[in-house]
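> Quick one: this structure, given as structure tokens, is what I'll be asking you about.
The values are calculated or read from the model by the stated rules, or taken from the named source; none is laboratory data. Quick caveat, the model's predicted, so the values are computed rather than measured. Cβ placement follows ideal geometry from the backbone for every residue including glycine, while neighbour counts extend to all protein chains displayed.
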Amino acid sequence: MPNVSTDDGVNLYYEETGRGDPLVFLHEFAGDHRSWEPQVRHFARTYRCIVLAARGFPPSDVPQDPTAYSQARAVADVLTVMDDAGVDKAFVVGNSMGGFCALHFALAHPNRTRGSVVAGCGYGAHPDNEEQFRRESEKVATAFEDEGSAAMSHWYGFGPARVQYEAKDPRGHGGHVQLLAQHDPVGAANTMRGVQKTRPSLYAMQDELAACEPPVLVIAGDEDNGVLETDLMLKRTIPRCGLAVLPKSGHVTNLEEPVLFNALLERFFTAVEHDKWGERDPRAPSTSTTGAK
């Protein structure tokens, strides 16, 4: 499978499956490039699917220097992979950490983004939760260093927004936790500090979000409490944005509800391809529920 070197000398691993218009998948912190298997198996029948392992997640390199990790660098890494794969424009699909990256990529590179799927995005963004999120992020980073990945997977993998997956699909959830247990502890700690903990709050970026050009689909689980308020803000702020909330679901909707998730993506891709994912009707944002004057 291909590897490409970034401008700061980090080798990134990615995989390609299928032929057709390109889809780029960006994984969450607790997973890796393998977390998109239900989507690749479905969409590779009609699309060219590209999944990449973020820096810090083997088989991509694991930089030892914490300053090699940031939200901006994560976006630049996606562009590096797309350039190496010869992809001019793609649908970019991300969950959680990958969802943030997909959104930031759409803002930074609208000419390279056909559409952006932003799932599980919003943790730590709301002003009321920002400081708590940054404190918890530091505790997670320290746990990777002190406990190791296998030990901390037994509690991180069973967090408040992951138990929904365990209840629905114990076997699938067990494999999900196994991926977390295999994380490189240095890469995980550096990613948590450099990308997660220090990323800018989306609430401080509302002017940029309001100017977002590409179409966006935001997906959330209705029991993923850390993202719901922020996702409503994204829906109300981004001009060409739709919001889908999956019932009785947590943080990893692509794994919890792969059939629903894939159907939502399929509809989004088709709508964008036919220029049917426009801006919100200006008559819709109103304080009136009936239109009565």
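> Inspect all residues belonging to region 132-153 and state whether any of them is of a type in the set (A, V, I, L, M, F, W, C), in contact with a strand residue (DSSP E or B) (Cβ under 7 Å, 6 or more places away or on another chain) and not in a loop (DSSP other than H, G, I, E, B).
There is no residue in region 132-153 that is of a type in the set (A, V, I, L, M, F, W, C), in contact with a strand residue (DSSP E or B) (Cβ under 7 Å, 6 or more places away or on another chain) and not in a loop (DSSP other than H, G, I, E, B).
> How many residues does region 266-280 contain that are in contact with a Gly (Cβ under 8 Å, 6 or more places away or on another chain) and not in a helix (DSSP H, G or I)?
Number of matching residues: 1.
> If you don't mind, there's one more thing I want to ask. Among what's in region 21-71 and is more than 24 Å from residue 172 (Cα to Cα) and of a type in the set (Phe, Trp, Tyr), pick the residue that is nearest to the chain's Cα centre (by Cα).
Filtering region 21-71 for residues that are more than 24 Å from residue 172 (Cα to Cα) and of a type in the set (Phe, Trp, Tyr), the one nearest to the chain's Cα centre (by Cα) comes out as 69.
> I want to confirm something. Restricting to region 106-127 and keeping residues that are in contact (Cβ under 8 Å) with a residue 60 or more places away in the chain and part of a helix (DSSP H, G or I), which single residue is nearest to residue 37 (Cα to Cα)?
106
> Under 9 Å between Cβ atoms, at least 6 apart or on separate chains: pull out the pairs that start in region 21-40 with a residue that is free of Cβ contacts under 8 Å to residues at least 12 places away in the same chain and end on any residue that is assigned to a strand (DSSP E or B) and buried (at least 23 other Cβ atoms within 10 Å of the Cβ).
Note: pairs meeting the criteria are 37/51.
> Within the group 166, 136, which residue is more than 19 Å from residue 196 (Cα to Cα), surrounded by 15 or more Cβ atoms within 10 Å (Cβ to Cβ) and out of contact with any Ser or Thr (no Cβ under 9 Å at 6 or more places or on another chain)?
166
> Against the condition assigned to a helix (DSSP H, G or I), of a type in the set (Gly, Ala, Ser), under 24 Å from residue 114 (Cβ atoms) and modelled with pLDDT of 95 or more, how does residue 263 come out, does it pass?
Yes; evaluated as a whole, the condition is true for this residue.
> Evaluate region 90-98: report whether one residue or more is at pLDDT 95 or above, assigned to a helix (DSSP H, G or I) and either buried (at least 18 other Cβ atoms within 10 Å of the Cβ) or hydrophobic (A, V, I, L, M, F, W, C) (or both).
Yes - at least one qualifying residue is present in region 90-98.
> What residue, of 94, 18, is on the phi > 0 side of the Ramachandran plot and either touching a residue at least 12 places away in the same chain (Cβ under 8 Å) or not acidic (Asp, Glu) (or both)?
Sole residue among the options that is on the phi > 0 side of the Ramachandran plot and either touching a residue at least 12 places away in the same chain (Cβ under 8 Å) or not acidic (Asp, Glu) (or both): 18.
> Is there a residue being of a type in the set (Gly, Ala, Ser), crowded, with 16+ Cβ neighbours inside 10 Å and farther than 20 Å from residue 284 by Cβ anywhere in region 204-216?
The answer is no; no qualifying residue exists.
> Those residues that are part of a helix (DSSP H, G or I), surrounded by fewer than 24 Cβ atoms within 10 Å (Cβ to Cβ) and in contact with a helix residue (DSSP H, G or I) (Cβ under 9 Å, 6 or more places away or on another chain), I need them from region 235-260; list them, please.
Residues satisfying the conditions are 237, 258, 259, 260.
> Pairs please, first residue from region 177-195 and of a type in the set (Ser, Thr, Tyr), second anywhere and at pLDDT 95 or above, Cβ atoms under 6 Å, 6+ apart in sequence or on different chains.
Close Cβ pairs (under 6 Å, with a partner that is at pLDDT 95 or above) amount to 191/56; 191/69.
> I've got another one for you. Here is a list of conditions, (1) over 24 Å from residue 252 (Cβ atoms); (2) touching a residue at least 40 places away in the same chain (Cβ under 8 Å), and residue 88 meets all of them except one; can you say which number that is?
Single failed check for residue 88: (2).
> Moving to a separate point now. Only residues that are aliphatic (A, V, I, L, M) and either surrounded by fewer than 15 Cβ atoms within 10 Å (Cβ to Cβ) or under 19 Å from residue 100 (Cα atoms) (or both): list them for region 142-163, please.
The answer is 150, 151, 161.
> Here is a follow-up. Filtering region 177-188 down to residues that are in a helix (DSSP H, G or I) and in contact with a helix residue (DSSP H, G or I) (Cβ under 6 Å, 6 or more places away or on another chain), which residue is nearest to residue 246 (Cα to Cα)?
Among those that are in a helix (DSSP H, G or I) and in contact with a helix residue (DSSP H, G or I) (Cβ under 6 Å, 6 or more places away or on another chain), it is 177.
> Every residue in region 196-215 that is assigned to a helix (DSSP H, G or I), among the charged types (D, E, K, R) and touching a residue at least 60 places away in the same chain (Cβ under 8 Å), please.
Within region 196-215, 197, 208 qualify.
A quick yes/no check of all residues on (1) in contact with a Phe, Trp or Tyr (Cβ under 9 Å, 6 or more places away or on another chain); (2) farther than 28 Å from residue 264 by Cα:
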| residue | (1), (2) |
| --- | --- |
| 179 | no, no |
| 188 | yes, yes |
| 193 | yes, yes |
| 197 | yes, yes |
| 209 | no, no |
| 215 | yes, no |
| 218 | no, no |
